[in-house]
Structure formats: structure tokens, C-alpha cells
Protein chains: 2
Amino acid sequence: MGHATRTGDGWLTGTTVVLAPEGGAIAAVDVRGGGPGTKETDALDPRNLVQKVEAVVLTGGSAYGLDSASGVMAWLEDRGRGVLVGTDPAHVVPVVPAACVFDLGRGGDFRARPDASTGRAAVEAADASEPGEPVREGCVGAGTGAVVGRLKGGVGTASAVLESGITVGALVVANAAGSVTDPETGALYGELLSRRVEYPSPAVHEAARARLAEAAARNAPPPLNTTLAVVATDADLTRAQAQKLAGTAHDGIARAVRPVHLLNDGDTVFALATGARPLAAENPLALNEILAAGADLVTRAIVRAVRAAVPVDGPGGLWPSYEELYREPPLGDCPGSVT
Amino acid sequence: MGHATRTGDGWLTGTTVVLAPEGGAIAAVDVRGGGPGTKETDALDPRNLVQKVEAVVLTGGSAYGLDSASGVMAWLEDRGRGVLVGTDPAHVVPVVPAACVFDLGRGGDFRARPDASTGRAAVEAADASEPGEPVREGCVGAGTGAVVGRLKGGVGTASAVLESGITVGALVVANAAGSVTDPETGALYGELLSRRVEYPSPAVHEAARARLAEAAARNAPPPLNTTLAVVATDADLTRAQAQKLAGTAHDGIARAVRPVHLLNDGDTVFALATGARPLAAENPLALNEILAAGADLVTRAIVRAVRAAVPVDGPGGLWPSYEELYREPPLGDCPGSVT
């Protein structure tokens with residue numbers, strides 16, 4: 001996984017690339033938002049030709065930002081990675097599915113958007129990263145300009161090793177039209193379902209509401225949003241099973257964001273399966289634990305994205321962060337800082 | 001809406017019918033569970049011929065119980081209601097989409113399932129009901145034999161009038177493989193996201209866990225489950241908009257049940273739109289409030305289904321109710337009683 005982050009001088013955007021092991025991974029997608037911006041998603045229909053993909057791109061820049069996938073394609077082509085389309089091993093077409101979030105103008109300049117060079121920088125960062133290396137979260141990569149409701153959004157990740165030994169991980173870009181917090185209490189929806197919560201104190205919540213109202217009065221209402229996710233596993237899934245996983249992972253978005261999947265959300269989940277670990281052949285329900293984990297990890301990754309985000313106050317608007325508003329002791333540096 | 005409830009002598013099942021106004025309603029469906037049992041759902045694809053339906057059937061009895069829809073068809077045919085297929089007004093084919101929950105053997109007799117006569121009784125009850133009349137909830141109709149996790153499930157409803165004046169209502173049959181309660185605290189997931197909750201006291205939760213463990217030891221694990229819902233509105237929706245509504249309503253199931261949409265859930269949502277109230281033509285996002293409400297009402301209806309359910313201890317198993325386990329003062333009669 002790698003990020004390319006573009007900030008300053010009108011910019012507040014970026015691109016994130018999930019790079020599969022060489023040879024590719026089984027991939028699938030489920031689009032549930034009413035305003036999606038995507039590229040190469042039809043190729044992922046399990047009935048269609050392409051079996052594996054080398055990379056998935058999540059990007060800012062709305063539909064313009066999908067150009068970042070072209071930079072990832074070029075990088076893969078240079079390495080002969082992709083679908084072989086002739087006898088010359090250099091003749092490949094890398095299928096690079098991509099989805100975008102709306103962040104146009106968040107840095108001040110409507111035209112400051114990821115392009116092929118941003119995609120290339122992100123895939124180079126992914127290639128340079130070590131497996132198991134901690135992933136940068138918060139306002140980085142495709143989450144750089146992300147917002148959730150009136151709060152700053154960003155990138156979050158979570159992973160788990162299941163009882164079967166199968167690993168599942170989730171990467172999200174949280175940029176939703178709906179809210180991640182309960183307006184009555186200030187609690188994060190995504191935390192309410194996973195543990196006994198301490199609700200924020202009324203004084204903290206009241207101050208947060210005042211600050212958010214101030215931000216809302218200053219900012220234009222964001223016209224479009226989107227939560228993107230990649231759920232990846234080392235299980236050996238068919239393409240259809242991966243598609244089921246992409247679909248149920250949307251439940252994890254629904255538990256963290258309310259309302260969601262609206263006409264102005266382009267919510268899209270990709271699933272990747274590297275195939276190292278077979279499902280238990282004797283159990284027809286073996287997929288269930290992966291489905292349940294995929295949804296739960298997406299919820300957790302959204303919570304982490306929101307908690308890792310840092311506030312932005314710039315030419316593209318005032319976006320407080322959840323930690324700034326609700327963390328009672330003052331907050332130190334966080335890995336997602338864009339200051 | 002009408003229920004037919006079959007209990008005693010090996011029975012614990014039933015059928016629920018939502019009857020549209022004469023002339024029918026725009027209808028759509030979204031199937032998200034991995035083990036659905038449905039009839040006439042392909043006709044609802046917005047690309048396909050049939051424009052409106054006269055009734056939707058939710059039923060117990062697994063795939064066998066889909067026969068109940070035939071009784072509803074016969075009742076409609078008697079009245080000349082359905083798709084006209086010739087010049088004789090009696091020559092109609094009523095399209096009656098149906099979906100089933102798994103409850104085979106819950107009353108003790110694996111073969112005691114709804115059939116055409118059960119469907120006819122339910123549609124007669126629907127026809128006899130007055131608009132606005134309170135709907136019976138709990139262990140009635142298709143919810144008679146329903147269970148959620150280890151708890152007794154049932155039927156629940158909820159409705160709201162939106163700012164636009166549009167009404168949205170939801171009817172659910174809660175019968176999920178996943179849980180509606182947080183195992184750590186005993187709180188209902190569907191209540192955590194809608195208000196500040198008082199968690200059950202540790203002593204009550206501990207006693208509940210012991211009772212559920214006792215029930216689980218006695219019962220065979222239920223092999224299949226399913227949450228069904230009908231979301232209905234008086235808005236003027238296209239068939240595609242109704243399909244979007246059916247899809248986003250699944251978010252309401254995801255917020256109340258965890259995990260959900262598994263291979264052994266057949267989760268299916270129907271949407272009905274009677275068309276009396278147009279959407280605001282100048283607002284491209286006018287559908288959003290209906291989508292958000294649909295999901296929220298499904299969550300609320302699931303909570304009501306679980307809270308209205310009464311315990312069952314019979315030849316098909318021991319199924320405690322949430323109220324029995326968690327309500328600290330003793331519980332009086334409830335409308336869903338099957339005793």
C-alpha cells in the first residue's frame with residue numbers, strides 16, 4: 001500500500017494504491033452509492049474475462065482523479081505486469097480498477113487534482129513499502145481532502161487474523177455525506193456497536209456542536225461524497241465469493257456512517273484475495289467468518305480514519321477533526337497530520 | 001396488511017401479506033442474503049415488463065411456504081386484480097412477489113408449513129384491515145416461528161411522516177443468524193445508534209447469558225435464517241428509485257443485526273410506492289430523505305419485532321425473548337403473544 005499526498009498551494013488531495021503481489025489477486029467490486037466515480041469496475045464482474053488484477057487505486061479529484069490509475073498502469077506496463085495480450089511478454093494490459101472521492105476545491109483550487117504522476121508516486125510508495133509495515137492513516141493519500149459530514153475525514157485501516165488462520169484487512173477512505181457521530185451524544189457510531197462507550201460529556205459535546213455550526217456556516221455544503229474501501233484477504237476465494245465479500249463489507253460502512261449509500265455518495269468496496277489459504281472444504285459456511293470480519297474491519301477502519309484525521313482550516317474550508325472536538329486532553333501529533 | 005398465524009399441534013409459522021391499493025403499487029426488491037428463498041422477484045427488475053404488483057407475501061415455511069403466494073394469487077384473480085393478459089377483464093395474472101424465512105420444525109413438525117390456504121387467510125385479513133389500524137407485532141404471521149440468534153424473533157413495524165409530507169413505513173420479519181444484541185453488554189444494536197442507551201445491569205446480563213446458553217444447549221443450531229422487510233411509501237417513485245430504496249433499506253438491517261447478509265441469511269427487502277406524492281422536482285437529491293428514513297425505519301422495526309416477541313418453549317426448541325431476559329420489572333401481556 002502506498003500514498004501520494006498533495007497539499008499546499010491550492011492542493012488538498014492525493015491517491016492511494018493497493019498493489020497486489022506479482023501475478024495479481026482475485027478482485028471484485030460492489031458499488032452501492034448513488035453517485036459513483038469508477039474505472040475498470042465492469043471488468044471485475046465474475047462473468048467477465050479478466051481473472052486477476054495487479055493493483056487497485058483509490059483517489060481524490062472526483063472523476064478527473066481517475067487519471068491517476070493511468071500512472072499506475074504505466075508503472076505496471078514498464079514491469080510487464082498485467083494481462084498478457086500477445087506472445088511478447090512486454091505486451092500486457094494491466095487492469096487497474098479505480099474509484100474516486102469528491103474533494104474538488106478542498107485545498108482552494110478546483111483544478112488541483114491527482115493525475116498520472118500522482119498515481120505513479122503512490123504505486124512507487126506501495127512498491128517500496130514492506131509487508132506488515134504500519135500504514136499511514138488520517139489525512140494522507142486519497143484521504144487527504146476527505147470529509148465526513150462536517151468533520152475532517154481520511155484514510156483508516158484495520159486487520160485481523162481469524163480463527164481459521166485467514167487474515168482479513170480493510171483500508172478505507174472516509175468521505176461521507178452522512179454523519180459518523182450521533183448528533184445527540186457526539187459518540188462515534190462505529191464505536192457504539194463494538195464496545196460499551198463512554199459518551200462525551202455534555203459540555204464537550206455542546207462546544208463541538210457550536211464549532212461545527214461555525215464551520216458549516218463558513219463552508220459551502222459539499223455536493224458529493226463517497227466512502228471507498230478495499231477489503232483484502234489471503235484466503236482462496238473465487239471471484240464470486242470476493243464479490244459477496246465486497247457486498248457485505250458495505251454493512252461495515254452502514255454501521256459507521258448514517259445515512260449512507262445516498263444519491264450523493266459513491267460508496268464503493270473492492271475485495272482482493274491472494275489465494276494463499278483455502279477455505280475449509282467440509283464447511284459450506286466457511287466464507288461467513290470472512291464476511292463478518294470484512295464488515296467489522298471496515299467499521300473499525302472508518303473509526304480509525306476519523307480519529308487519525310487532523311483539522312484543516314484553509315482556502316477550501318474549515319473542517320474540524322473529531323479528536324480536536326471530543327478528546328478532552330489536548331491532542332499530540334498524529335500520523336495523519338497535513339500541517 | 002394482514003397476518004395468518006398457525007400455532008399448536010406441531011405448528012409455529014404463518015404468513016403476512018401486504019396488499020396494495022387496487023390497481024397496484026410500483027414495486028422493487030433487493031436480495032442481499034446468501035440463502036434467499038423467493039418467488040416472482042425477477043419480474044421486479046426495472047428493465048422487465050410488469051409495472052405494478054397487487055400484493056407482497058412474507059412467509060414462514062422456507063421454500064415450501066412460498067406456496068402461500070398462490071393463495072394470494074387466487075384471491076386476487078377472483079377479484080380481477082392483476083396484469084391483464086387479454087380482452088376479458090377476468091383474464092389476469094397477479095404478480096405476487098414473495099420471500100420466505102426458515103422456520104421449519106420450530107413448532108415440532110417439520111411438515112407444518114404455510115400453504116395456499118394460509119396465504120388466502122392472510123390476504124383476507126389484510127383486506128379486512130382499515131388503513132391506519134395498528135399492526136399486530138411480535139410472534140404473528142410470518143414472524144410466528146422467527147428467531148434472531150438464540151432469541152425469539154417476530155414481526156415489527158415502524159413509520160414516519162417526513163418533512164416533505166411523504167410517509168414511509170417498514171414491516172420486518174426478524175429471523176437472523178446473527179445477533180441483535182451486543183454480547184458484551186446485552187444492549188440492542190438497533191437502539192445503540194438511535195439514542196443514548198442505558199446498558200442492562202451486569203446481573204441481568206449475566207442471567208440472560210446463562211439462560212441463552214441453556215437454550216443453545218437444548219436446541220439444534222438453526223441452519224438457515226433471514227430477515228425480510230417491506231418498505232412502503234406514498235411517494236411517486238420510478239421502479240429504479242424503488243429498487244434503490246430496497247437496497248439502502250438493507251443498511252437498516254445491518255445496523256440492527258450483526259453479522260448479517262451471510263450465506264445462511266436470505267435477507268430480502270421489497271419496496272412499494274403508491275405514487276400519491278411526487279418528489280420535489282427541483283431537487284435532484286429529493287430521494288435521499290426517503291432512503292435515509294427507509295433504513296432507519298427498518299432498524300426500528302427490527303427492534304420492535306424483538307421487543308414484541310414472546311418466549312417459546314415447545315417441541316421445536318426453547319427460544320427466550322429479549323423482554324423476558326432484559327426487562328427488569330416483569331412483563332405483562334404483549335400483542336404478539338402466541339400463548
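The values are calculated or read from the model by the stated rules, or taken from the named source; none is laboratory data. Since the model is a prediction, treat every value here as computed from it, not as a measurement. Backbone-built Cβ (ideal geometry, glycine too); neighbour counts: all protein chains shown. Heavy atoms of the whole protein, side chains included, go into the accessibility calculation; ligands, DNA and RNA do not. Shrake-Rupley method; radii C 1.70, N 1.55, O 1.52, S 1.80 Å.
What the table shows:
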quantity: Qualifying residue in region A:146-155 (condition: open to solvent by 40 Å² or more (accessible area, probe 1.4 Å) and either part of a loop (DSSP other than H, G, I, E, B) or closer than 28 Å to A:Leu58 by Cβ (or both)); calculated: yes
quantity: A:Pro278 open to solvent by 20 Å² or more (accessible area, probe 1.4 Å), away from chain B (no Cβ under 14 Å) and not aliphatic (A, V, I, L, M); calculated: yes
quantity: Scan of region B:130-145 for residues that are part of a loop (DSSP other than H, G, I, E, B) and modelled with pLDDT of 95 or more, ordered by number; calculated: B:Arg136, B:Glu137, B:Cys139, B:Val140, B:Thr144, B:Gly145
quantity: Meets criteria (closer than 21 Å to B:Gly33 by Cα, within 11 Å of chain B (Cβ to nearest Cβ) and open to solvent by 20 Å² or more (accessible area, probe 1.4 Å)) for A:Asp251; calculated: no
quantity: Strands (runs of 3 or more DSSP E) within region B:1-108 that include 1 or more residues at pLDDT below 95; calculated: none
quantity: Residue within region A:254-277 that is small (Gly, Ala, Ser) and closer than 22 Å to B:Thr299 by Cβ present; calculated: yes
quantity: Within region B:281-293, tally of residues that are open to solvent by less than 10 Å² (accessible area, probe 1.4 Å) and free of Cβ contacts under 8 Å to residues at least 40 places away in the same chain; calculated: 0
quantity: Unmet criterion (only one of (1) assigned to a loop (DSSP other than H, G, I, E, B); (2) within 14 Å of another protein chain (Cβ to nearest Cβ)) for B:Ala160; calculated: (1)
quantity: Residue list for region A:165-180, restricted to those being within 24 Å of A:His261 (Cβ to Cβ) and either away from chain B (no Cβ under 11 Å) or touching a helix residue (DSSP H, G or I) at 6+ places or on another chain (Cβ under 7 Å) (or both); calculated: A:Val168, A:Gly169, A:Ala170, A:Leu171, A:Val172, A:Val173, A:Ala174, A:Asn175, A:Ala176, A:Val180
quantity: Selection status of B:Asn288, among the polar types (S, T, N, Q) and within 13 Å of another protein chain (Cβ to nearest Cβ); calculated: yes
quantity: Any hit, region A:124-139, residues being surrounded by fewer than 21 Cβ atoms within 10 Å (Cβ to Cβ) and in contact with an Asp or Glu (Cβ under 8 Å, 6 or more places away or on another chain); calculated: no
quantity: Count of region A:182-233 residues which are part of a strand (DSSP E or B), open to solvent by less than 20 Å² (accessible area, probe 1.4 Å) and farther than 24 Å from A:Pro315 by Cα; calculated: 6
quantity: Matching option when the condition is in contact with a Cys (Cβ under 9 Å, 6 or more places away or on another chain), over 18 Å from B:Ala242 (Cβ atoms) and among the hydrophobic types (A, V, I, L, M, F, W, C), among B:Leu66, B:Leu104; calculated: B:Leu66
quantity: Selection count, region A:294-306, where residues are open to solvent by 10 Å² or more (accessible area, probe 1.4 Å) and either without any contact (Cβ under 8 Å) to a residue 24 or more places away in the chain or small (Gly, Ala, Ser) (or both); calculated: 0
quantity: Residues (open to solvent by less than 10 Å² (accessible area, probe 1.4 Å) and either among the polar types (S, T, N, Q) or under 14 Å from B:Leu19 (Cα atoms) (or both)) located in region B:59-76; calculated: B:Thr59, B:Ser68, B:Ala69, B:Gly71, B:Val72, B:Trp75, B:Leu76
quantity: Filter pass, A:Arg113 being under 22 Å from A:Ser159 (Cα atoms), in contact (Cβ under 8 Å) with a residue 60 or more places away in the chain and among the charged types (D, E, K, R); calculated: no
quantity: Residues located in region A:181-203, provided they are modelled with pLDDT under 95, more than 7 Å from every other protein chain (Cβ to nearest Cβ), farther than 15 Å from A:Arg150 by Cβ and touching a Lys or Arg at 6+ places or on another chain (Cβ under 9 Å); calculated: A:Ser194
quantity: Residues located in region A:164-214, provided they are in contact with a His (Cβ under 9 Å, 6 or more places away or on another chain) and without any contact (Cβ under 8 Å) to a residue 12 or more places away in the chain; calculated: A:Glu184
quantity: Region B:77-116, residues that are buried (at least 18 other Cβ atoms within 10 Å of the Cβ) and of a type in the set (A, V, I, L, M); calculated: B:Val92, B:Val95, B:Val96, B:Ala98, B:Ala99, B:Val101, B:Leu104, B:Ala112
quantity: Hits in region B:234-248 - residues which are outside any strand (DSSP E or B) and away from every other protein chain (no Cβ under 14 Å); calculated: B:Asp236, B:Arg239
quantity: Count - residues of region A:163-181 that are outside any loop (DSSP other than H, G, I, E, B) and more than 24 Å from B:Arg195 (Cα to Cα); calculated: 7
quantity: Restricting region B:257-268 to residues that are within 13 Å of another protein chain (Cβ to nearest Cβ) and within 17 Å of B:Ala63 (Cα to Cα), the residue that is most open to solvent (accessible area, probe 1.4 Å); calculated: B:Leu263
quantity: Residues located in region A:106-128, provided they are among the hydrophobic types (A, V, I, L, M, F, W, C) and within 24 Å of A:Pro21 (Cα to Cα); calculated: A:Ala116, A:Ala121, A:Ala122, A:Val123, A:Ala125, A:Ala126, A:Ala128
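To keep it simple, each residue is scored yes or no on (1) acidic (Asp, Glu); (2) under 22 Å from the mean Cα position of the chain (by Cα); (3) at negative phi.
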site	(1), (2), (3)
B:Lys52	no, yes, yes
B:Thr59	no, yes, yes
B:Tyr64	no, yes, yes
B:Gly80	no, no, no
B:Val96	no, yes, yes
B:Phe102	no, yes, yes
B:Asp109	yes, no, yes
